[in-house]
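The values are calculated or read from the model by the stated rules, or taken from the named source; none is laboratory data. Worth saying up front: this structure is predicted, and the values here are computed from it rather than measured. When we count neighbours, we look across all protein chains shown, and the Cβ atoms used for this are built from the backbone with ideal geometry, even at glycine.
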Ligand code: NAP
């Protein structure tokens with residue numbers, strides 16, 4: 001695939017320029033090579049970007065667009081992404097070491113997100129509410145102003161699109177800060193958005209550290225909302241900063257999602273779904289099904305089959321079409337994953353498969369880690385409580401419905417849950433009883449942009465996607481218009497009236 005990296009400039013305040021902050025190096029962890037070095041944004045770049053964004057956002061040329069005219073911008077961006085899938089996929093795979101199969105799908109979903117929110121915008125009605133007097137009451141929606149979007153490294157183009165598309169559709173300007181490990185694809189999005197003709201200044205991309213660029217963005221007085229996807233500790237920090245400003249904040253955070261296998265399930269369906277749920281994206285997924293509860297009646301027959309299926313997964317280079325499990329994003333992240341597995345073993349866990357770097361000489365340079373299954377651990381163990389964000393599954397037995405509901409809910413996160421059973425009413429009951437933003441029954445890790453997504457507890461605040469995803473970037477306003485033409489009687493004015 002012959003592609004090249006672009007130069008080191010970033011899009012600040014409507015122009016491509018060298019950032020004035022610390023350089024940001026992008027690495028291809030699968031081969032342990034440097035991709036390129038960008039100039040990172042500085043706090044002064046944040047101030048420039050926000051000032052220009054505020055100006056562009058308030059410009060009547062943007063504010064006065066009719067819904068269908070603003071939607072046309074989103075459709076053009078969607079077309080631009082769709083026309084450039086291979087480039088976006090390549091850049092993203094080099095940045096994150098995800099397989100090309102996956103990054104192509106992420107790019108395709110990003111195009112769909114822009115298309116969807118264009119359509120939502122065009123088809124959203126304002127409401128005429130029921131009056132209780134001689135007036136007309138309308139509930140309308142205004143943009144917030146300048147929105148800061150802060151995204152993680154694991155699915156950058158998809159997370160970017162899920163924030164940028166509804167925020168622009170709602171009439172805002174957006175300043176996007178991508179993760180330092182994956183800055184490149186957000187700049188590709190910037191180029192596409194610019195080529196699609198969005199007015200200059202409405203969109204900036206500021207790669208830079210969370211501490212400098214992220215903190216400045218959140219504290220900036222002209223940022224009206226922060227939409228964040230990332231870790232729970234960072235989310236908590238941002239929520240405190242937002243509280244100081246009484247600024248709305250949306251938080252899509254981590255997870256420790258339970259997958260529940262009942263004795264009456266279709267075991268082949270369940271095994272395939274479990275593998276995909278924990279080991280696709282090398283487990284670097286917020287919704288990874290990392291705690292597996294198997295009903296005791298089938299535990300001894302099910303677990304060995306799951307282990308055999310895991311051993312058959314194909315580890316390999318992200319550009320190899322047959323690869324199912326690729327390198328982790330960074331060697332430092334692999335060290336964290338290794339630390340968790342060591343902690344699990346120290347707490348009495350037995351490694352059923354994996355638990356080490358692959359022995360394959362071809363993979364020795366990359367940050368690979370073998371898909372790993374442990375058993376013998378309690379749900380209260382550290383690796384069952386904390387998010388690992390790697391290809392590590394802990395399997396535990398359960399007795400009955402009440403037992404598994406109690407164990408699954410005994411965790412601070414509440415992002416997702418998988419249920420495998422042929423008994424639909426039981427699956428429904430369990431799904432309703434589990435604290436999770438998304439429940440999958442006899443499937444896992446499926447997404448529709450039309451279906452709201454988000455978490456509870458340590459997994460976050462708010463929902464993205466769906467028609468209401470547009471409203472998350474607007475403020476509601478009620479307008480009362482008098483229809484009587486009569487002065488208010490309380491005033492007794494005019495006196496002779
Ligand atoms: P992270 O360390 O929290 O970083 C996320 C973003 O926040 C990055 O852009 C990071 O910048 C920035 N940041 C860090 N400190 C900041 C600060 N003080 N102020 C403002 N911004 C700051 O998370 P990550 O390691 O990139 O991503 C993995 C996490 O994301 C996992 O917990 C995963 O579950 C979660 N996630 C959640 C969802 C969801 O939808 N619920 C989806 C995907 C991922 P730097 O890169 O420069 O540090």
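For the range 150-163, name all the residues that are closer than 21 Å to residue 329 by Cα, at pLDDT 95 or above and either surrounded by fewer than 24 Cβ atoms within 10 Å (Cβ to Cβ) or within 9 Å of the ligand (Cβ to nearest atom) (or both).
Quick first cut of the range 150-163, residues closer than 21 Å to residue 329 by Cα only: 150-161.
Those still in the list that are at pLDDT 95 or above too: 150-153, 157-161.
If the condition is that a residue be closer than 21 Å to residue 329 by Cα, at pLDDT 95 or above and either surrounded by fewer than 24 Cβ atoms within 10 Å (Cβ to Cβ) or within 9 Å of the ligand (Cβ to nearest atom) (or both), then 150, 151, 152, 153, 158, 159 are the ones that fit.
Can you name the residue in the range 164-197 that is part of a loop (DSSP other than H, G, I, E, B), under 21 Å from residue 18 (Cα atoms) and touching a helix residue (DSSP H, G or I) at 6+ places or on another chain (Cβ under 6 Å) and is also nearest to the ligand (Cβ to nearest atom) among such residues?
Taking the range 164-197 first, the residues part of a loop (DSSP other than H, G, I, E, B) are 170-172, 178-183, 196-197.
Right, trim to under 21 Å from residue 18 (Cα atoms) and you get 178-183.
From the residues that got through so far, the ones that are touching a helix residue (DSSP H, G or I) at 6+ places or on another chain (Cβ under 6 Å) too are 178, 182.
Values: 178: 6, 182: 8 Å.
Checked the range 164-197; the qualifying residue nearest to the ligand (Cβ to nearest atom) is 178.
What are the residues in the range 453-493 that are away from the ligand (no atom under 16 Å from the Cβ), in a strand (DSSP E or B) and within 30 Å of residue 417 (Cβ to Cβ), if any? Matches in the range 453-493: none. Scanning for something away from the ligand (no atom under 16 Å from the Cβ), touching a residue at least 40 places away in the same chain (Cβ under 8 Å), crowded, with 24+ Cβ neighbours inside 10 Å and more than 16 Å from residue 52 (Cα to Cα), does the range 200-212 turn up at least one residue? No, because not a single residue in the range 200-212 is away from the ligand (no atom under 16 Å from the Cβ), touching a residue at least 40 places away in the same chain (Cβ under 8 Å), crowded, with 24+ Cβ neighbours inside 10 Å and more than 16 Å from residue 52 (Cα to Cα). Any residue at all in the range 44-62 that is within 30 Å of residue 369 (Cβ to Cβ) and not in a loop (DSSP other than H, G, I, E, B)? No, there is no match, as no residue in the range 44-62 is within 30 Å of residue 369 (Cβ to Cβ) and not in a loop (DSSP other than H, G, I, E, B). Based on this model, can you work out whether residue 61 counts as more than 20 Å from residue 182 (Cα to Cα), loosely packed, with under 14 Cβ neighbours inside 10 Å and in contact (Cβ under 8 Å) with a residue 40 or more places away in the chain? Spelling it out, residue 61 is indeed more than 20 Å from residue 182 (Cα to Cα), loosely packed, with under 14 Cβ neighbours inside 10 Å and in contact (Cβ under 8 Å) with a residue 40 or more places away in the chain. Picking from residues in the range 218-234 that are closer than 19 Å to residue 174 by Cα and within 7 Å of the ligand (Cβ to nearest atom), the one that is surrounded by the most Cβ atoms within 10 Å (Cβ to Cβ) is 228.
Name the residue that is farthest from the ligand (Cβ to nearest atom), counting only residues in the range 330-351 that are outside any helix (DSSP H, G or I) and surrounded by 13 or more Cβ atoms within 10 Å (Cβ to Cβ). Quick ask: steps written out before the conclusion?
Let us first name the residues in the range 330-351 that are outside any helix (DSSP H, G or I), namely 330, 347-351.
Retained after the next criterion (residues that are surrounded by 13 or more Cβ atoms within 10 Å (Cβ to Cβ)): 330, 347, 349, 351.
Numbers: 330: 10, 347: 22, 349: 22, 351: 24 Å.
Among those residues, the one meeting the criterion is 351.
Of the residues examined, residue 147 is one that is farther than 21 Å from residue 85 by Cβ, within 16 Å of the ligand (Cβ to nearest atom), modelled with pLDDT of 95 or more and surrounded by 23 or more Cβ atoms within 10 Å (Cβ to Cβ). Residues of the range 358-382 being more than 22 Å from residue 303 (Cα to Cα) and outside any helix (DSSP H, G or I), which ones? Once the filter is applied, which keeps residues that are more than 22 Å from residue 303 (Cα to Cα) and outside any helix (DSSP H, G or I), the range 358-382 yields 359, 360, 364, 365, 366, 367, 368. Being within 18 Å of residue 14 (Cβ to Cβ), surrounded by fewer than 22 Cβ atoms within 10 Å (Cβ to Cβ) and more than 9 Å from the ligand (Cβ to nearest atom) is not true of residue 263.
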